[in-house]
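So the structure is just underneath, and the comments pick up after that.
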2 protein chains.
Amino acid sequence: MRKQFRDLAAPEEARETIASLELTPDAETVPLAEARGRVLAERIDAGMDVPGFDRASMDGYAVRARDTFGADEADPVELELTGEVHAGTEPDVEVEPGTAVEISTGAVMPPGADAVVIVERTEERDDTLVTYTAVAPGDSVMPAGTDIAAGARALGPGTRITPREIGLLSALGLDEIPVRGKPVVGIISTGDELVRPGDELHSERGEIYDVNSYTIAAGVEEAGGVPKFYPHAGDDYEEMERLLRQAAEECDLVLSSGSTSASAVDVIYRVVEERGDLLLHGVAVKPGKPMLVGTLGEGSAYIGLPGYPVSALTIFRTFVAPAIRDAAGLPEPRTATIEGSMAVRERYAEGRMRLMPVGLVTDGDGETLVYPVDKGSGATTSLVEADGVVEVPPDVEYLAAGESVDVQLFSPDVRPPELLGVGEDDPALSRLLDRVPSPRYLAVGTREGLRRLRDGVPDVAVVAGDMDREIDAVELGSWTREWGLVVPAGNPADVSGLGDLVDSDLRFVNRDTNSGLRTALGNAVADLADERGTTRHELVEAIAGFDRATKAFESPARAVRAGRADVGLGLAATADSLGMGFVSLGVQPVRVLADSSRVKKPSVQLLKRAIKSGSDVIDSLDGYELSGI
Amino acid sequence: MRKQFRDLAAPEEARETIASLELTPDAETVPLAEARGRVLAERIDAGMDVPGFDRASMDGYAVRARDTFGADEADPVELELTGEVHAGTEPDVEVEPGTAVEISTGAVMPPGADAVVIVERTEERDDTLVTYTAVAPGDSVMPAGTDIAAGARALGPGTRITPREIGLLSALGLDEIPVRGKPVVGIISTGDELVRPGDELHSERGEIYDVNSYTIAAGVEEAGGVPKFYPHAGDDYEEMERLLRQAAEECDLVLSSGSTSASAVDVIYRVVEERGDLLLHGVAVKPGKPMLVGTLGEGSAYIGLPGYPVSALTIFRTFVAPAIRDAAGLPEPRTATIEGSMAVRERYAEGRMRLMPVGLVTDGDGETLVYPVDKGSGATTSLVEADGVVEVPPDVEYLAAGESVDVQLFSPDVRPPELLGVGEDDPALSRLLDRVPSPRYLAVGTREGLRRLRDGVPDVAVVAGDMDREIDAVELGSWTREWGLVVPAGNPADVSGLGDLVDSDLRFVNRDTNSGLRTALGNAVADLADERGTTRHELVEAIAGFDRATKAFESPARAVRAGRADVGLGLAATADSLGMGFVSLGVQPVRVLADSSRVKKPSVQLLKRAIKSGSDVIDSLDGYELSGI
């Protein structure tokens, strides 16, 4: 019987429950060369003096200071030179009264000597040292233990080991360093449809690549843990139960992410309830409502994450990573949060805390703008379109544009993109973006791109086709591209134009209505309707698949190549690169428009330069021409 | 013949020269599981649609949308149930007109179906599905390629791979990722006196542990390079030349740090001049004047760093790490600099740029204060007492107290200590500090500690003995400690008190004049002088070694134990822990005083609590007692 959790736990309760899990592994010893980034498990007191001997700190002569009293330029003192000592050798001579020994920086002070006269204030004559200066005891000598004395506190427990601590540990001669252990985090993959990246994928069976296992594993590493993958149990629930027990033995924490299979969840419940305790099921947070927290008996805990990648990473980052860092003894990274202001108004009223995925962009004044990213359920791409998460408390109904918010970055290594572009997808643009550091491009189509540019979020919008209304923006550059119908190689159906689509049963694949290509096609259909004296609607109805809208520029052509259609809307360049046939319907401009307040942004200027000097890219694409040069 | 460099290069010229070195290694391929933290070497376009099939996005029934037209609660539609499809399996049934197929989230849409009716709006009666709602084509279906379409730009070259990028790469099924290579940096150890940590040290020969090799290696790793150690060539210069040539073959960059041996420098010169070019010798910067930059023939460069650890790390951080990061394709870490204001006035006028090592502390208002750290030449401890470096331009004569400065941290992982204490060294204090997160304690002695507390830099000062003048500070807690003379176990010389030191030839070891122990001893000597009717000076002169001042609390005892002295000034607790004899001369208070404006700092409060509840620590030390509880 499942324990009943009638109410969703408050996020704070979830945090406390997870913080109460015992995840801290035993301390361990690592070689000095591998200690960077680790955390000292105990205080280190110096076991020896550094330096371990009275050390000459200058090149010169070791003397008895008393022998030099009164020496000056006018009245130098002469001492008998009786030997020399170099760094790394044991003195084989004692400094008797009236004598001196040549000494180099770093060498051991010979017995009898208590000071060094620096070489610049002396002269050597045969076996005699002439010193033009008097020295006091201790001059130019670093006594044993001056740097670190035996018994002194050197480093405290909990110290993060960076290069400078490595230096101190080296000085103490330590090559085995006692450090906090790294919590071992087991990652169990559930879901029969998941395939490991690199393995063969059978899409016809509904298989998809396992995104969460590697993503979460990387997050575990980043938080200072050691991820441990467990093999996929498929739908063998006995095997899954065995794996879960094994993971509980071997790990400090076991994670799995949402299963599409109710039976898999049941197995997890059973093991948690049998061997440990189910502490929490369901949290009043969006996403992540079905989060599950429990123990798996002695020294291991279990947390179940949501299944969608953005949700899984969000919940991991918000609730789990802090617990792993804590167990590893690591502080929250200083770069893990960033402040910005909302670029747009965002409404929300679901009565539970929302972890809102957001993207970041810098405006013309260098201020960080924050905008919500929500491709909706299950989209992996929103992972890379979001930089982090804003916690919106349950009682907040909306965030006003301009309101200041804290963004918890998905990783301390995440940086806001330097350029945010939106609009038409285009192969030339994609290549030109390679020449701009750290761009983000959202291929939302021409229409949606223009809308967002008007809203003031992106730096640039890319617009294909003729614009029907003016917009306050600065054109950075433009090119033209030839578009038309992509058909199989050799054009077996002998398509010659749009009319053939209307007059035959050819299966067509279109683009979505935001696309500039789709608009161009619509205009061509309208022209043909005029020509034939019929309506646009009549013609569209006669084209089989006019409503089969796809979101990317190569998708129709690929559907044709795969035999799922006969004709696709596309570019001459796509037909060329995929080795397919092409029927031209026209040429359209592609313009890159910058928000007029962002024109001076370095990345916008770089993009402008990349376009102006981009003839190599443009020339490499069939049917492309750079405009206005 | 050495090339002549008459003038020191400007720091900017040194930066440019180093930036001009060709250190970039070839790109390489790594498994997905090891790709985190790396940098993409090339653009990644999606090679497949994600999802690769039309995917049910809800649990329910796959239908032909047209069949449901008009259905509502009052007038449901009945469809024949002809099968089921689960996630991860290939549909074995087609949805004919008038039929429906049960489908689970994530499953492949069966042929014929174009929408899913969610389970909540249906009822199942025997083999019949009753649907209470109409659906439109595409409802609850995620078409193939919606998430990422084949051919679309996924990630650009130069992208830093964090967990979210791992997610996208996983979704595309990639398990081999093309990344920028890590520059290989050879580290050559010169100096006959250097011993690797872990090996046996012969202090009598003037050997010291090699600090720079491991410190710089850790810095190389942190900057994204791969350090490669070369064995110590000792004073065999042919062997050293061979190693240098080998390193040049195997590495993108070779580093060595200051050699005490002129011959070693000559070997480096010869190899650089023979095989490459000496580009720069000497930079107008303190420290680091003798920096040397050159090439070592095809594809390898050489940089010679100063020898003192703080100087070597400073120059590495300022000039070399940026070049390594650049070669690795990594940006400057966001946490690498921090702003603060000077806690004290600092004068400087040497006509060249100064890289001033500084420590950081947070004041009572949470502002970062910056203070210069200079233990002077060669001290390894200043490595951990400094957090970073402030660049002071050559024309700046002083930095005023309160002036704002930028601190380049020694590592992005360096954090300012949460507590800065100064004053007497004391074993109880050292243990109590273990209970405060991230403390820094500078054992400068009672007198110097009080001076610094008055200057307003530290949070707390620890004072041993009676104070001769009042100070505006808040006492957090105190204890007493028994002090006296530490003698060999069994007290072979039968020392009974201070008089024995005066009356015999016993060799004594003292503490330094900043120490509260030394002050207590001075008072005891004065009392004895009164008693004997003589002067303090007379007695001091009669004690052999009264001027042998050591800086740490255990040092005199250790000198006695090592046979270098007969009697040492020290604590009962030290005699106890080292198993030695002890002659008590008195008990002194140890007080922990907080700057009154810092009392509310969390770390100060934690220290206060640690003292109040520290009876376990105090009780474990011989001759200690907690005060005022």
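The values are calculated or read from the model by the stated rules, or taken from the named source; none is laboratory data. Being a predicted model, the structure only gives us computed values, none of them experimental. So basically every Cβ, Gly included, is an ideal-geometry build from the backbone, and we count neighbours across all protein chains shown. Only protein heavy atoms, including side chains, enter the accessible area calculation; ligands, DNA and RNA are left aside. Shrake-Rupley method; radii C 1.70, N 1.55, O 1.52, S 1.80 Å.
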Residue hits (segment A:59-77; surrounded by fewer than 19 Cβ atoms within 10 Å (Cβ to Cβ) and hydrophobic (A, V, I, L, M, F, W, C)) are A:Ala65, A:Phe69, A:Ala74
Breaking point among (1) within 10 Å of another protein chain (Cβ to nearest Cβ); (2) within 30 Å of A:Leu383 (Cα to Cα); (3) open to solvent by less than 30 Å² (accessible area, probe 1.4 Å); (4) at pLDDT 90 or above, for A:Gly224:
(1)
In segment A:179-197, anything open to solvent by 30 Å² or more (accessible area, probe 1.4 Å) and more than 7 Å from every other protein chain (Cβ to nearest Cβ) is listed as A:Arg180, A:Lys182, A:Val184, A:Leu194, A:Arg196
Quick check on A:Ser584: is it touching a Gly at 6+ places or on another chain (Cβ under 6 Å), open to solvent by 20 Å² or more (accessible area, probe 1.4 Å), touching a residue at least 40 places away in the same chain (Cβ under 8 Å) and part of a loop (DSSP other than H, G, I, E, B)?
no
Output yes when any residue across segment A:328-342 is β-branched (Val, Ile, Thr) and closer than 25 Å to A:Ala10 by Cβ, and no when none is.
yes
Which count do you get for residues in segment B:198-221 that are outside any loop (DSSP other than H, G, I, E, B) and either more than 8 Å from every other protein chain (Cβ to nearest Cβ) or among the aliphatic types (A, V, I, L, M) (or both)?
5
Quick check on A:Val567: is it touching a helix residue (DSSP H, G or I) at 6+ places or on another chain (Cβ under 7 Å), buried (at least 22 other Cβ atoms within 10 Å of the Cβ) and under 28 Å from B:Ala46 (Cβ atoms)?
yes
Condition check: open to solvent by less than 10 Å² (accessible area, probe 1.4 Å), assigned to a helix (DSSP H, G or I) and either touching a residue at least 40 places away in the same chain (Cβ under 8 Å) or out of contact with any Asp or Glu (no Cβ under 9 Å at 6 or more places or on another chain) (or both). Does B:Thr314 satisfy that?
yes
For segment B:236-257, enumerate the residues that are of a type in the set (D, E, K, R) and not in a loop (DSSP other than H, G, I, E, B).
B:Glu238, B:Glu239, B:Glu241, B:Arg242, B:Arg245, B:Glu249, B:Glu250
Name the strands (runs of 3 or more DSSP E) wholly within segment B:317-389 that hold at least 1 residues that are free of Cβ contacts under 8 Å to residues at least 60 places away in the same chain and closer than 26 Å to B:Pro602 by Cβ?
B:353-362, B:368-372
Would it be correct to say that A:Gly288 is on the phi > 0 side of the Ramachandran plot, within 14 Å of another protein chain (Cβ to nearest Cβ), in contact (Cβ under 8 Å) with a residue 12 or more places away in the chain and not hydrophobic (A, V, I, L, M, F, W, C)?
no
Which listed residue, of A:Pro110, A:Pro97, A:Pro157, A:Pro137, is open to solvent by less than 10 Å² (accessible area, probe 1.4 Å) and either more than 11 Å from every other protein chain (Cβ to nearest Cβ) or outside any strand (DSSP E or B) (or both)
A:Pro110
Expected single match for under 26 Å from A:Thr146 (Cα atoms), open to solvent by less than 20 Å² (accessible area, probe 1.4 Å) and in contact (Cβ under 8 Å) with a residue 60 or more places away in the chain among B:Phe546, B:Phe553 is B:Phe553
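Among residues belonging to segment B:435-477 that are among the small types (Gly, Ala, Ser) and over 21 Å from B:Met342 (Cβ atoms), point out the one that is surrounded by the fewest Cβ atoms within 10 Å (Cβ to Cβ).
B:Ser438
Do we find that A:Asp363 is closer than 24 Å to A:Ala443 by Cα, of a type in the set (Asp, Glu) and open to solvent by less than 10 Å² (accessible area, probe 1.4 Å) in this structure? Lay out the reasoning, then the answer.
Numbers: closer than 24 Å to A:Ala443 by Cα: yes; of a type in the set (Asp, Glu): yes; open to solvent by less than 10 Å² (accessible area, probe 1.4 Å): no.
Spelling it out, it is not the case that A:Asp363 is closer than 24 Å to A:Ala443 by Cα, of a type in the set (Asp, Glu) and open to solvent by less than 10 Å² (accessible area, probe 1.4 Å).
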Which of the numbered conditions does A:Tyr398 fail, given that it passes all the others? Conditions: (1) facing chain B (nearest Cβ under 10 Å); (2) over 30 Å from B:Gly329 (Cα atoms); (3) of a type outside the set (Lys, Arg).
(1)
Tell me, please, whether a residue that is outside any helix (DSSP H, G or I), at the interface with chain B (Cβ under 8 Å from one of its Cβ atoms) and without any contact (Cβ under 8 Å) to a residue 12 or more places away in the chain can be found in segment A:415-434.
yes
Would you confirm whether or not segment A:522-542 contains a residue that is touching a Gly at 6+ places or on another chain (Cβ under 6 Å) and open to solvent by less than 10 Å² (accessible area, probe 1.4 Å)?
no
Residue check for A:Glu80: more than 26 Å from B:Arg196 (Cβ to Cβ), open to solvent by 30 Å² or more (accessible area, probe 1.4 Å) and touching a Gly at 6+ places or on another chain (Cβ under 9 Å)
yes
